[in-house]
Amino acid sequence: MNIKKNIILLGATGSIGASSLRLLRDNREKFNLVGVSAHNNAELLSKIVNEFDVPNVVLSNPKNAKSYYGKNDLNVGFSSLIELAKINCDILISGIIGMSGLYPAFAAISVGNNLAIANKETLVSAGKIFMEKSYEKKVKILPVDSEHNAIFQCLEKNNIANVNFITLTASGGPFLNTPIENFKNIKPQDAIKHPVWKMGQKISVDSATMFNKALEIIEASVLFNIKSDKIEVTVHPEHIIHGLVHYKDGSILANLGFPDMITPLSVALNWPKRIDLNLKKLSLNNIRSLNFFEPDFKKFPGLKLGWEVIQSPHCSPVVLNASNEIAVDAFLKNIVRFTDIYNIVYETLNHYSPPIPKNIDDIINIDKIARMKSLDLIKRKFTYDD
Ligand code: NDP
Ligand code: MG
């Protein structure tokens, strides 16, 4: 008998939300969408509710509730989002952006829901606490971020002690071939044009600065309990290979596929089984070449911070993430320059070295202080006028 899995999708109106809905739409016999959330986009949320007849619906920002026309009742506000995450389901997908995803995802695993997580900022800031809670509650944390999903598939559970190192690939973003002299004039509209992936604005800017890969180094270290010196980053513009695990006997297991988030989402939702997605075939005979480069740390200094934050007890991943969120937001609003995103994060990390957080409340406090410090730095030093 084919028992359908009940799925809750947080961030249904975003890019991860859209890929998740594609997967669920094409596989209605396998999944029931029992809950969805959006923050502002009440119109799109209404469409989703009407298409999938979703019974539990949340708009976390109450301001736009008037625009909702879905056929099922709407709940509004942050506390409703937490209540949604606590509804018993087989897997909750977190496609919320930034630290706003932390409380709902933690609420989900605390009540025993398995978590398919794209929201890397939460894992960067609270990964250790999430992993501990998942062991305590015996729930699965299934990585959706494509590189981590790749490593997850290549890691042989019985052979973790025999892993030499892992490789995360990076597309290099839209400025891979832009001369460094032009970096200070990069505008938001250029930074959000990713050459390979179609994603939300924040992660697109992170890819352009390569802070995305710094976040992913930290994300990998917590998800796979692996030290920073065992994580390598390789620029691979075609983004066909997503991740590699190098074993001590010389074997390297790699994960390949066209860059489409539907695949990692399907792996996470069906694991350990696989389903037929009827995708275009990837034949190496049709791929003329695959390129790989060492990252350029002069152009992308933020990338190094990924390793530094894991190595140094004085550098906090919570601070790195919070400060990057503030800096990216200011860049998208044309308040700071592209190159100052790194300077703001670097200075915030140097000025604020909090103790290691013991629980979620500690993380929220550190996050708040780091945001205030970055905002203050922006006001004093980095605001520019064209
Ligand atoms: P989007 O900006 O496209 O979507 C964000 C979603 O979160 C929207 O549904 C949005 O609602 C909702 N949201 C925004 N602010 C809040 C808030 N304060 N509280 C609750 N919900 C909120 O982002 P992406 O889908 O691109 O990325 C989502 C996460 O997945 C990020 O953490 C990103 O790093 C990660 N990720 C994304 C990948 C991708 O391919 N896009 C790949 C790998 C990881 P509304 O639309 O109503 O504003
Ligand atoms: Mg990724």
Please work out if ALA18 is open to solvent by 20 Å² or more (accessible area, probe 1.4 Å) and either within 16 Å of ligand 2 (Cβ to nearest atom) or under 25 Å from LYS120 (Cβ atoms) (or both).
yes
Can you tell me which residue is nearest to GLY302 (Cα to Cα) among those in the range 333-386 that are of a type in the set (Phe, Trp, Tyr) and part of a helix (DSSP H, G or I)?
TYR342
With the first residue restricted to the range 85-108 and required to be within 19 Å of ASN75 (Cβ to Cβ), and the second required to be among the polar types (S, T, N, Q) and within 11 Å of ligand 1 (Cβ to nearest atom), Cβ contacts under 6 Å at 6 or more apart or on different chains are ILE93/SER20; SER94/ASN119; ILE96/ASN119; GLY101/SER94; GLY101/ASN119; GLY101/THR122; ALA105/SER94; ALA105/THR122
If the requirement is being under 16 Å from ILE96 (Cα atoms), touching a Leu at 6+ places or on another chain (Cβ under 9 Å) and either more than 16 Å from ligand 2 (Cβ to nearest atom) or among the β-branched types (Val, Ile, Thr) (or both), which of these qualifies: LEU33, LEU9, LEU23?
LEU9
Which condition from (1) assigned to a helix (DSSP H, G or I); (2) under 21 Å from ASP90 (Cβ atoms); (3) open to solvent by less than 20 Å² (accessible area, probe 1.4 Å) is the one that GLU51 breaks?
(3)
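May I ask you to say which residue of GLY302, GLY257, GLY306 is closer than 22 Å to ILE93 by Cα and surrounded by 11 or more Cβ atoms within 10 Å (Cβ to Cβ)?
Just one listed residue meets the conditions, GLY257.
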Within the range 79-89, is even one residue over 28 Å from ASN212 (Cα atoms) and crowded, with 22+ Cβ neighbours inside 10 Å?
yes
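The values are calculated or read from the model by the stated rules, or taken from the named source; none is laboratory data. If you're wondering where the values come from, they're calculated on a predicted model, not measured in any experiment. Positions of Cβ are backbone-derived with ideal geometry, glycine not excepted, and every protein chain shown enters the neighbour counts. Accessible surface is based on the protein model in full, side chains and every heavy atom, while ligands, DNA and RNA are left aside. Shrake-Rupley method; radii C 1.70, N 1.55, O 1.52, S 1.80 Å.
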